[in-house]
Amino acid sequence: MSPLLLSAPRSLKASAKPPSQLCAARWYREGTAEGNGANVQTAMPHWDVAPARSLLFDTDVPSGFRYRDDFITRDDEASLAGEIARLEFSTFEMRGVVARRRVAFFGRSYDSGRASTPPLPPFLMPLRETVAAWAGVDPQAFAMSLINEYPPGAPIGWHRDAPQYEIVAGVSLLSSCRMTFRPYVPPQMQRATHGLRRTATHEVTLERRSAYLMTGDSRNAYEHHVPAVKALRYSITFRTLR
Ligand SMILES: O=C(O)CCC(=O)C(=O)O
């Protein structure tokens, strides 16, 4: 048993379950509307010791990851979802497998080999401006937008973002999801470790109407993954070019 569990307060009732990893992510969120986890320790109102959360996951997110709840209003969400419902989505192949999520690209494609894509539609411009202001970049620097449509049960597999892009920003619509991270291991190293199974080291809940920025280590030194969603979710992502 973890020494952390052993040091749990005696007043802990048997029926009171230790917080799950998801709760840990929620503490992170509540403790700091934005940040890279530095405030996590101050965001634990219910327990005076670090509880079971550290058994599998770190409570913080990889450095360079920023998250903000309620990034857009309910009205914004409804109007964006209305516009998105009118878009034409395509299927997407990831490592030769057709994904369950569908995609709509603007400005640039995801993999450079693809045909040209339509420009960003006007309805995305105000959101791009807000995201750019948060990221501290010129709105036009977000040259690419990808809208992902996740029907119930659809995940996005482990991946590190495409190399031609730098900052990745995402806004979640209609439902929440989990996002997990694990260190990136280059393919040649994976062969050397004989495909040793790698597990997630960090996890965060992305609430509907929230936004995240993936920069630095979180974007370059980690892969991320969204496990199967429970209800229809759209993510509007923006990317700057390297
Ligand atoms: O849905 C999300 O927020 C994740 C999107 C993502 O990882 C991607 O577009 O590559």
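Taken over the range 96-135, the residue count meeting the criterion of being within 13 Å of the ligand (Cβ to nearest atom) and either farther than 14 Å from L146 by Cβ or not aromatic (F, W, Y) (or both) is 10. Within this structure, S145 fails the test of being within 16 Å of the ligand (Cβ to nearest atom), surrounded by fewer than 21 Cβ atoms within 10 Å (Cβ to Cβ), within 28 Å of G107 (Cβ to Cβ) and modelled with pLDDT of 95 or more. Counting only strands (runs of 3 or more DSSP E) that sit completely within the range 64-138, those holding 2 or more residues that are over 18 Å from the mean Cα position of the chain (by Cα) and among the β-branched types (V, I, T) correspond to 97-106.
Evaluated against (1) within 15 Å of the ligand (Cβ to nearest atom); (2) without any contact (Cβ under 8 Å) to a residue 60 or more places away in the chain; (3) acidic (D, E), D138 falls short on exactly one condition, (1).
Checking each residue in the range 155-212 for being away from the ligand (no atom under 11 Å from the Cβ), touching an Asp or Glu at 6+ places or on another chain (Cβ under 8 Å) and more than 18 Å from R66 (Cα to Cα) picks out L174, Y184. Identify the residue in the range 183-226 that is under 30 Å from A78 (Cβ atoms) and acidic (D, E) and, among all such residues, is modelled with the highest pLDDT. In this case the residue turns out to be E207. Total residues in the range 186-224 satisfying the condition of being surrounded by 20 or more Cβ atoms within 10 Å (Cβ to Cβ) and in a helix (DSSP H, G or I): the figure is 2. The residues of the range 114-147 that are within 17 Å of D76 (Cα to Cα) and among the charged types (D, E, K, R), listed by number, are R128, E129.
The values are calculated or read from the model by the stated rules, or taken from the named source; none is laboratory data. Just so you know, these numbers come straight off a predicted model, no measurement behind them. Counting neighbours? That spans all protein chains shown, and the Cβs are built from the backbone with ideal geometry, glycine included.
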